[in-house]
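Enquirer: Let me give you the structure first, and then I'll get to my questions.
The values are calculated or read from the model by the stated rules, or taken from the named source; none is laboratory data. The structure displayed is predicted, hence computed values, not measured ones. Cβ placement follows ideal geometry from the backbone for every residue including glycine, while neighbour counts extend to all protein chains displayed. With ligands, DNA and RNA removed, areas are computed over all heavy atoms of the protein, side chains included. Shrake-Rupley method; radii C 1.70, N 1.55, O 1.52, S 1.80 Å.
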Amino acid sequence: MCGIVGYVGDKESAPILVSGLKKLEYRGYDSAGVAVVNRNQLNVVRATGKLRNLENRVVADQPQGNIGIGHTRWATHGRPSDENAHPHTYKNVAVVHNGIIENHLSLKTQLRAKGHVFSSETDTEVFAHLISDELEAGKELPDAVRGAIEQVKGTYALAVVSATDPHRIVCTKNASPMVLGLSEGQNFIASDVPAVLEHTRDIVYMEEGDLAIVTAAKVDIFNRQGHPVNRATRRIDWTPMMAEKGGYKHFMHKEIWEQPRAVADTLRGRMLLTEGDVHFEGWNLTPEKVRSLSKITILACGTSWHSGVAGKHMIETLARLPVEVELASEFRYRDPIVESSHLAIAISQSGETADTLAAFKEAKARGATAMAICNVIGSAMTREAEFSVLTNAGPEIGVASTKAFTTQLVALYLLAVKLGRMRGTLSVAAAQEHLTHLTEIPKMIEEVLKCEPAVKRVAREFMNSQDFLFLGRGPMHPVALEGALKLKEISYIHAEGYAGGEMKHGPIALIDEKMPVVVIAPKKPHVAYEKIIGNIEEVRARGGKVIAVIDEDDDQVAGLADHVIRVPAACALLAPVIATIPLQLLAYHVAEMRGNDVDQPRNLAKSVTVE
Ligand code: F6R
């Protein structure tokens, strides 16, 4: 998501920091900043918007000093602004941070009680305050950082400098990446390799819980227990472009593989397992309001619309509230019936899609309560919303949506549980069970990604097909739609997604021995499984080739299909998260084998800000 860079050596640090941040621009950001230490003085420069804004300020009044840290921010807590941009400082301490501090609200309350005043809306600023207190208690900087992280629950890649300790950077990580770049007489830290490649190719990957003390002359690393450790130095031969993609050939492939982490970030800090409830920061719907809702209208386009269709299954099942999923481009030009008892939910990765935004404004103007499920805080959609659930997937660069979709599904499931609890349709025990299912999802995604070799074999066999059909029933219907959309947009093969029950009403006429039919057939829900087996028989009877996405232990469909892709069995409503991933991989590999520009398919834009 965000980017970190740090430098200590004999050169002026500010230009090195800004140029390192530029190498991380591809990750997306909304503001940036640097903190430079010079003879016990801390100089901080920050700017909202493009890096050029920061660069202009740095050039106009360059902070002098041979040690510093820099950051590009992708907002998660607090809107994009100069005050919320990193580095965050308190007294002599400056910090930059990637990740999320889950208990920042309680820590802020404790710190305020001790007289601390906060100057930003971020969770990160808590680190600066905690470290400063630890220093004032007489600790050295590394111990002060350790003391602070002991109080924090959450994820972090954290880098710290202090005006009272002006020759070293202390950095540490937990579940967010951090690397050290080694060089003669100077050393670097970064969240990602591209930031330092121009200066060194000797990289140390920090491990979970590691803390590093970085000076111009050397780097000392300690593990979580505080013992000195040696971590291997690797020589990185990637080109800068390869480095941006983390060694993957395309951003889309990287983003598919990032999904365990992305989904974990969507869930982080939101599941209250003991209470059987869900916590959304800033949630402002009262129990009376939620109980008085008569309908939810989901407004979205493309992939986000597909997640809305899956969300309908989730919300109607768990919260027993009617949900309509509207194509935003249609809704905005109708005369829709909207009442004050309706909740309008805009779903959007970018938060800028013109049709979704217009439909959302229309629903709001007609009296609906407006909520957004969005990946970009500060985007038009979140500004329009009365309340937003952020998906926290991190920047999605490949034009074809992948991790945005699965994180939307998970956010919708959290929302369904929350609404179910508030409306009394879910008991504490039932909610706990649903939340437990959710906790298993990141691991299951790691498992399902192992199907890639099987998917590649299927891709090779069918890469020259003219058409594809995707079939799914119940919660798998939107997965079929999404599988078809993914394939068509990057491989340029014509593909249709259908609800299995619709096959007899038309698409069956297309089936012959040249037609691959991807059938998504998990065993749950049983009624959908039984019926989709009927569809498979119908395809086989007409010579169509069946590619079945099935549960690991399914022998019945395996005996009927030409090809099977086995996936771990999830509960019925969450199975779309798992079943979508082989379809993303199928689209990716077919497109790649056909030599297409996977990340920038023809005629498509990442953010459709025009009608
Ligand atoms: C498909 C895709 C598009 C978007 C659609 C909505 O892979 O990326 O269909 O889903 O343009 O975009 P957002 O979610 O940004 O509103």
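Enquirer: Nearest 20 debye, what's the magnitude of the dipole of the chain about its Cα centre given +1 on Lys and Arg Cβ and -1 on Asp and Glu Cβ?
Expert: For this selection, approximately 280 debye.
Enquirer: Now for a separate question. Counting alpha carbon pairs within less than 8 Å and at least 6 residues apart, what relative contact order, in whole percent, applies to segment 291-343?
Expert: About 51 percent, as a whole number.
Enquirer: When only Cα pairs under 8 Å and 6 or more residues apart are kept, what is the percent relative contact order across the chain?
Expert: 11 percent
Enquirer: I would also like to ask the following. Along the Cα→Cβ direction, 7 angstrom out, place labels at N284 and E198. What is the inter-label distance in nm?
Expert: 4.2 nm
Enquirer: In degrees, nearest 10, range 0 to 90: what is the angle between the Cα axis of helix 428-448 and the longest Cα principal axis of the chain?
Expert: On a 0 to 90 degree scale, this one is about 80.
Enquirer: Solvent-accessible area per residue for segment 151-264 at a 1.4 Å probe radius, Å²?
Expert: Here the residues of segment 151-264 average 41 Å² of exposed surface.
Enquirer: Considering only protein heavy atoms, what per residue accessible area in square angstrom results for segment 364-466 with a 1.4 angstrom probe?
Expert: Result: 33 Å² of accessible area for each residue.
Enquirer: Would you kindly state how much longer the chain becomes between K50 and Y248 on full extension, computed as 0.36 nm times their sequence separation minus their alpha carbon distance, in nm to one decimal?
Expert: That works out to 68.7 nm of additional length.
Enquirer: My understanding is that a pair violates if its Cα-Cα distance is over 24 Å; which of K23/K249; K249/K312; K312/K403 do that in this structure?
Expert: As for pairs spanning more than 24 Å Cα to Cα, those are K249/K312.
Enquirer: Roughly how far apart, in whole Å, are the Cα centres of segment 359-423 and segment 535-611?
Expert: Segment 359-423 and segment 535-611 have Cα centres separated by 25 Å.
Enquirer: Which one, L604, V557, A128, is farthest towards the positive end of the dipole of the chain when Lys and Arg carry +1 and Asp and Glu -1 on their Cβ?
Expert: My answer, from the dipole projection, is A128.
Enquirer: Treat every Asp and Glu Cβ in segment 482-611 as -1 and every Lys and Arg Cβ as +1, leave all other atoms uncharged, and give the resulting dipole magnitude about the Cα centre to the nearest 20 debye.
Expert: Dipole about the Cα centre, nearest 20: 180 debye.
Enquirer: Follow-up. Pulled fully out, how much extra length does the chain show between D467 and K514, if you take 0.36 nm times their separation in residues and subtract their Cα-Cα distance?
Expert: Using 0.36 nm per residue and subtracting the Cα-Cα distance, I get 16.1 nm.
Enquirer: Roughly what would the spin-label model give for E25 and D553, points 7 Å off Cα along C-beta, in nm?
Expert: About 5.3 nm, to one decimal.
Enquirer: Given R₀ = 45 Å, what would the calculated FRET efficiency be for E433 paired with H227, taking r from the Cβ atoms and rounding to 0.05?
Expert: 0.65
Enquirer: Give the separation of the Cα centroids, segment 311-334 to segment 208-227, in Å.
Expert: The distance from the Cα centre of segment 311-334 to that of segment 208-227 comes to 51 Å.
Enquirer: Continuing with this model, one more query. Given the Cα-Cα distance of N596 and A217 and 0.36 nm per residue of separation, how much length would full extension add, in nm?
Expert: 131.8 nm
Enquirer: In the chain, carbon and sulfur make up what percent of the accessible area (probe 1.4 Å)?
Expert: 49 percent
Enquirer: Here's something else I'd like to know. Relative contact order of segment 191-275, please, whole-number percent, based on alpha carbon pairs below 8 angstrom and at least 6 residues apart.
Expert: Once normalised by length, the contact order is 24 percent.
Enquirer: Determine the calculated [θ] at 222 nm for the chain from helices alone, applying -39500 (n - 2.57) to every DSSP H run no shorter than 4 residues and normalising by the residue count; nearest 500 deg cm²/dmol.
Expert: -11000 deg cm²/dmol
Enquirer: Another one. Can you bin segment 251-439 into rounded, prolate or oblate? Criterion: square roots of the alpha carbon gyration tensor eigenvalues sorted a ≥ b ≥ c, rounded for a/c under 1.5, prolate for a/b above b/c, oblate for the rest.
Expert: oblate
Enquirer: Then there is this: Taking a ≥ b ≥ c as the square roots of the Cα gyration tensor eigenvalues, with a/c under 1.5 meaning rounded and otherwise prolate when a/b beats b/c, else oblate, which class fits the chain?
Expert: Taking the square roots of the gyration eigenvalues as a ≥ b ≥ c, the chain is prolate.
Enquirer: Which FRET efficiency value, to the nearest 0.05, is calculated for T239 and Q64 with the Förster distance at 45 angstrom and r the Cβ-Cβ distance?
Expert: 0.85
Enquirer: Placing +1 on the Cβ of each Lys and Arg and -1 on the Cβ of each Asp and Glu in segment 251-439, which of Y413, S348, Y333 has its Cα farthest towards the positive end of the resulting dipole?
Expert: Of the candidates, Y413 comes out farthest on the positive side.
Enquirer: So, R0 is 60 Å and r is the distance between the beta-carbons of L273 and A541; what FRET efficiency does that work out to, to 0.05?
Expert: Calculated value: 0.80.
Enquirer: How large is the charge dipole for segment 251-439, taken about the Cα centre, if only the Cβ atoms of Lys, Arg (+1) and Asp, Glu (-1) carry charge, to the nearest 20 debye?
Expert: 240 debye
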